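**Student:** Before anything else, here's the structure in question.
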Amino acid sequence: MDDLKRMAIFATVVQRGSMTAAAKVLGMSASAVSQHIRQLERDSGVTLLHRSTRQITLTDAGQRLYVQCAALTAAAARARAELAAQHDTPTGELRLSAPVGFAQHAAPALGAWLARFADLRLHLLLDDVPIDLIQARVDIALRYGAQTDSNWVARKLGSTPFWLCAAPQWVQAHGGQLPQHPQQLAHATWLALAHNDTPPAPPQWQHRSSGETFAPLIQPQSTSNHQAAVQALCEAGLGIALLAAIDVRKAVQAGRLLQLLPQWDMGQLDIWALTPQRDAQPAKVRQVMQELQAYLHMQQA
């Protein structure tokens, strides 16, 4: 390493034309620069510079060495520039892991951002079962709900409320009137998302105006580990389901689903970004988190 440092100092001396000028650039004393050059000459066994009181000139050996040292310092400069570019400009492959339901959000959330960077490639890994970030070489993973794995760095990107949904045909088959109180759903057929045999217990519901609370008892007839499947069953009129608003908003706007009991707060689903490292993140990771956060904020507006 000392040899590489002395070669870089030697190249700077030649480029600047004097020990004093090189010392100013390098933040060293002129005597320290001179000592490095003399040590380089002792180690190589040849004289590299002819010194006079007014100038320095290269020997033949010094000229040959300078060509190599200049190439070395240029390569180091290019490497530093490449690192700076990676810090400031998204490049390379971005491996993003997310639940299957994120597929419908990928283009609206990231399309415009991806179009700005020709050297950036997105590899989207969709799976409702969490994967190992290191083994899958994942740069960033989207996870829903509470995060308990302390092996990764977690940053909350936003949240989305739960909506209780039913298809219009389900409402028609059950009296044709929208329920006004949760107690009216005591005998409803439920659909639920469940990664295990038992779906998680929903949070307590609260009426937005009166503050009344209600603890729903959900015993689903049908479950799936994919929210898209639960939504499809719901749209088919097979039951009611608590679904993430971000995923069903378009279906509600299109009339395929109805939101039941909108005056009740039914909890929210937190959305997290997980990364495998705690130190400085490359531009592609920092910026994709910003884009996702902005998209989620827009969905909540």
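The values are calculated or read from the model by the stated rules, or taken from the named source; none is laboratory data. Keep in mind the model is a prediction, meaning the values are calculated, not measured. Cβ placement follows ideal geometry from the backbone for every residue including glycine, while neighbour counts extend to all protein chains displayed. With ligands, DNA and RNA removed, areas are computed over all heavy atoms of the protein, side chains included. Shrake-Rupley method; radii C 1.70, N 1.55, O 1.52, S 1.80 Å.
**Student:** So how much slack lies between Val25 and His50, counting 0.36 nm per residue of separation and subtracting their Cα-Cα distance, in nm?
**Tutor:** Result for the pair: 6.9 nm of gain on full extension.
**Student:** Next question, about the same structure. For Ala74 paired with Ala194, estimate the spin-label separation in nm (one decimal), with each label point 7 Å from Cα along the Cα-to-Cβ line.
**Tutor:** About 6.8 nm, to one decimal.
**Student:** When the chain is fully extended, how far beyond the present Cα-Cα distance does Gln39 get from Ala146, taking 0.36 nm per residue of separation?
**Tutor:** Values: separation 107, 0.36 × 107 = 38.52 nm, distance 6.08 nm.
Full extension of this stretch gives 32.4 nm more.
**Student:** Where both partners of a DSSP beta bridge lie in the chain, what percent of those bridges are antiparallel, to the nearest 5?
**Tutor:** 65
**Student:** Which listed residue (Leu4, Gln55, Thr89) has the Cα farthest towards the positive end of the charge dipole for the chain, taking +1 on Lys and Arg C-beta and -1 on Asp and Glu C-beta about the Cα centre?
**Tutor:** The residue sitting farthest along the positive end of the dipole is Gln55.
**Student:** Same structure, new question: Report the residues of the range 277-300 in range of a label on Gln135: point 7 Å along Cα→C-beta, backbone N strictly under 18 Å from it.
**Tutor:** Those under the cut-off are 277.
**Student:** Just grab the label-to-label distance for Lys156 and His297, each label 7 Å out from Cα along the Cβ direction, in nm (one decimal).
**Tutor:** Inter-label distance under the simple model: 1.6 nm.
**Student:** Dipole size in debye (nearest 20) for the range 73-162 around its Cα centre, Lys and Arg Cβ +1, Asp and Glu Cβ -1?
**Tutor:** The calculated dipole for the range 73-162 is roughly 240 debye.
**Student:** So if each residue of separation counts as 0.36 nm, and I subtract the Cα-Cα distance between Asp2 and Val67, what length gain in nm does that give?
**Tutor:** Using 0.36 nm per residue and subtracting the Cα-Cα distance, I get 21.5 nm.
**Student:** Output ³J(HN,Hα) for the range 57-64: one whole-Hz value per residue in order, computed from phi by the Karplus curve 6.51 cos²θ - 1.76 cosθ + 1.60 with θ = phi - 60°, and x for Gly and Pro.
**Tutor:** 10, 7, 7, 4, 5, x, 5, 5
**Student:** Let me ask something additional. Using a simple spin-label model with points 7 Å from Cα along the Cα→Cβ vector, what separation in nm is obtained for Arg116 and Ala236?
**Tutor:** Spacing of the two 7 Å Cα→Cβ label points: 4.3 nm.
**Student:** Mind sorting out which of [x] 43; [y] 36; [z] 51 is the real percent of Cα pairs over 32 Å apart computed from the coordinates?
**Tutor:** Given [x] 43; [y] 36; [z] 51, the structure-derived one carries the label [z].
**Student:** With all protein chains present and a 1.4 Å probe, how do Asp60, Asp128, Asp43 order by accessible area, largest first?
**Tutor:** Asp60, Asp43, Asp128
**Student:** Continuing with the same structure: If you put +1 on each Lys and Arg Cβ and -1 on each Asp and Glu Cβ, how big is the dipole of the chain around its Cα centre, in Debye rounded to 20?
**Tutor:** It comes to approximately 1460 debye.
**Student:** Once every DSSP H run of n ≥ 4 in the chain is given -39500 (n - 2.57) and the sum is divided by its residues, what mean residue ellipticity at 222 nm do you get, rounded to the nearest 500 deg cm²/dmol?
**Tutor:** -13000 deg cm²/dmol
**Student:** Looking at Ala192, Leu114, Pro203, which one has the Cα that reaches farthest to the positive end of the dipole of the chain (charges on Cβ: Lys, Arg +1; Asp, Glu -1)?
**Tutor:** Leu114
**Student:** Beyond 12 Å, how much of the Cα-Cα pair distribution for the range 31-79 remains, as a whole percent?
**Tutor:** 69
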